[in-house]
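The values are calculated or read from the model by the stated rules, or taken from the named source; none is laboratory data. If you're wondering where the values come from, they're calculated on a predicted model, not measured in any experiment. Cβ placement follows ideal geometry from the backbone for every residue including glycine, while neighbour counts extend to all protein chains displayed. These accessible areas exclude ligands, DNA and RNA; they are computed on the full protein's heavy atoms, side chains included. Shrake-Rupley method; radii C 1.70, N 1.55, O 1.52, S 1.80 Å.
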Amino acid sequence: NLISVTPVLAPFSVFANATLMRSEIRPGNDSISSLTSAERPMVGQSPYIVNAGFIFTSPGGMSATLLYNVAGRRILEAGSFPLPDTYEEARQVVDASFQAPLGGRLTFKLDAKNLLDAEYRVTQGSVTRHGYTTGRSFAAGLSWQP
């Protein structure tokens with residue numbers, strides 16, 4: 001949390017993590033292989049993943065969270081000659097959540113997911129094979145604890 005910076009920031013917390021990965025696949029037996037790339041990363045492995053968040057929590061029980069995620073470009077399908085490998089491009093995602101007590105045992109919660117509505121995009125060489133968005137989603141609810 002940020003209280004170590006100054007006591008005024010006591011209600012705030014931040015966090016982040018990152019992963020860097022590298023792999024190399026060599027299918028071997030080049031004389032009979034139909035794969036386009038003699039060396040490539042593993043299918044489905046992003047070279048990096050970053051997660052970060054910002055949290056506010058008030059003494060009265062209200063809280064708000066903002067989350068960020070991005071995974072780097074990754075091979076979706078290994079290409080077969082003469083077609084190149086197919087990639088899922090990097091996509092950034094932001095989610096938010098808000099929760100507040102309404103008095104007694106009643107709590108209100110609001111969630112917002114995929115706020116950037118970034119496009120899922122699949123490419124093969126210089127061609128975009130397909131791209132689509134999934135839309136943003138919002139949910140609101142009340143909870144009661146007996």
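In segment 132-146, the residues that are free of Cβ contacts under 8 Å to residues at least 24 places away in the same chain form no Cβ pair under 7 Å with any partner that is open to solvent by 100 Å² or more (accessible area, probe 1.4 Å) and part of a loop (DSSP other than H, G, I, E, B), whether six or more places apart or across chains. Scanning segment 43-94 for residues that are in a strand (DSSP E or B), open to solvent by 40 Å² or more (accessible area, probe 1.4 Å) and small (Gly, Ala, Ser) returns a single hit, Ser80.
Being at pLDDT 85 or above, surrounded by 14 or more Cβ atoms within 10 Å (Cβ to Cβ) and not hydroxyl-bearing (Ser, Thr, Tyr) is true of Ala10. Annotation: Gly72 fulfils all but one of (1) out of contact with any Leu (no Cβ under 6 Å at 6 or more places or on another chain); (2) modelled with pLDDT of 85 or more; (3) more than 21 Å from Gly125 (Cβ to Cβ); the unmet one is (3).
All of Leu106, Leu142, Leu102 fail the test of being open to solvent by less than 70 Å² (accessible area, probe 1.4 Å) and over 20 Å from Gly72 (Cβ atoms), apart from Leu106.
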